[in-house]
Amino acid sequence: MILPNIASIQDPALAAQLDHAIDNKTKPPGSLGVLEQLAKQIGLVQQTVSPRIVEPAMLVFAGDHGVVAEGVSAYPQDVTWQMVENFLAGGAAINVFAQQNGIALTVIDAGVNHEFGHREGLVDRKVAHGTRNFAQEPAMTAEQCALALERGMELAATLPGNVVGFGEMGIGNTTAAAALMHKLTGIPAAACVGAGTGLTADGVLHKQRVIEAAAGHHGVTAPLDVLAAFGGFEIAMMAGAMLKAAELRKVLLIDGFIVSSALLCAARLQPNILDYCVFSHCSNEQGHRQLLETLGGRPLLNLGLRLGEGTGSALALPLLQAAANFLNRMATFASAQVSEKSS
C-alpha cells in the first residue's frame, strides 16, 4: 500500500499576501477573530488569495465492532444498521443539517454486520461484517486494515468539491476511539474513556478496564499496527479518505471524538495532514478536549454535541463559507473610501 504524499501548506509569500488582504478589509485588524485565521488557512490550502467553498461533501462511514461483546455500549449492535437505514430514509440529524447547508451526503458501509443489498444512496465498501473483539484478538488483520485505508482513499479521490466533512456510525466505536487514543498518545485510559451512547459510571469504568486489559494484551506501537489491533473499519476507511483528500488539497472538516481518532491515526502516518484540518467542535465525549490539544486543534464550536454522524462538521460549514466570503466580497479601505487607522 502506498500512502498519499501530503505537502505542507506553509508558503511565506502567500501567507503575507493573505495577511495583507485580510488586514485591508474595512474593519479593525483582527476584529473578525477566528474567521480571519480560518480565511488564511483556507487560502493557504487552496493556494490563492481568493479561496472558495465549492461543492462541499460529507462522508459518513458505518461499521460494527466486535468489542461490543464485552458490554461496552448502552445500545445493541443492531442500532448500527438501523441508523444506516435512517440515514438512507433521510431521517437523521446529519440528513437535516447536510440538506440545510447544501452538503452532498454519502453514506458508506465500511463494515456493518448486516446485509443491505443494493440500496440507492448507500456505497458498499464492506470489508467484513464488523471487526473482531479486540479484547480477545486484533480487531482487523493487517490486510483488512490496508484494504479499508485503500477504499477510503479511492472514495476521496472521486469527490468533486474542495471541502470534505467526515462522520461515522458504529455501536462500540467510542471504545475503539478511546483505545486508539490511549495507545497512540500514552494518555491514561481513564482520561480517554467516556460515556459514549450513555453508559453509567460503572459502565464507563468497565469500558476503561476492557481497554486497559486489551492494551496490555496487544503490544503494538506502530500506527498501522495499532489501527489494525483496536480500530474499526469505518475508522480506518475514514483515515484513508482523510489522507487522500489532504493530498488533493481539500479542506478537511473534522467532527467529534471518533473522527478525531481517525485523524490521529492519519497524522501519525502523515503529520502534514493537520495543516488541512478545520476542527468543527469540541464534543461532550470524555477525552475529546485532550485529543484536540494533542492534535493542536482549535474547535470552532462548543455546543455540547456528542452525536457523531458528522453533525458538528455540517454545523460548522457556514463558518468556512463566511471566512471565504468576507475575504472575497468585503470592501477594502481604499475601495470603500474609508479612512484607515491613524498612525
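Values as computed for the structure displayed
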item: Of D78, D275, D11, the one that fluctuates the most in a GNM where the chain has Cα springs shorter than 10 Å; result: D11
item: Net charge contributed by nearby residues that have their C-beta within less than 13 Å of G165 (K/R +1, D/E -1); result: -3
item: Cα centroid of segment 171-214 to Cα centroid of segment 122-137, whole Å; result: 19 Å
item: Principal-axis tilt of helix 201-217 within the chain, Cα atoms, nearest 10 degrees; result: 80 degrees
item: Karplus-derived HN-Hα couplings along segment 26-35 (A = 6.51, B = -1.76, C = 1.60, θ = phi - 60°), whole Hz, x at Gly and Pro; result: 6, 6, x, x, x, 6, 9, x, 4, 4
item: Extension gain from D124 to Q337, taking 0.36 nm per residue of separation minus the Cα-Cα distance; result: 71.0 nm
item: Whole-number Å³ per residue for the convex hull built on Cα positions in segment 57-318; result: 105 Å³
item: Fewest-first ranking of E309, E340, E150, using other Cβ atoms within 10 Å as the exposure measure; result: E340, E150, E309
item: If the convex hull is drawn through the Cα atoms of segment 212-343, its volume per residue in Å³; result: 156 Å³
item: Cα-based Rg / Dmax (Å) for segment 47-205; result: 17.0, 53
item: Pairwise FRET efficiency - M330 versus D78, Cβ, R0 = 41 Å, nearest 0.05; result: 0.20
item: DSSP loop trypsin sites (Lys or Arg not before Pro) with at most 16 other Cβ within 10 Å excluded, longest remaining stretch of the chain; result: 120-248
item: Percent of beta bridges antiparallel (DSSP, the chain, rounded to nearest 5); result: 5 percent
item: Cβ-placed point charges (K, R +1; D, E -1), dipole of segment 57-318 about Cα centre in debye, nearest 20; result: 560 debye
item: Positive-end extreme of charge dipole, the chain - chosen from P28, T141, A213 (charges on Cβ); result: P28
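Every number here is computed from the coordinates shown, using simple stated rules; none is lab data. The structure displayed is predicted, hence computed values, not measured ones. Every residue, glycine among them, receives a Cβ derived from its backbone with ideal geometry; neighbour counts consider all protein chains shown.
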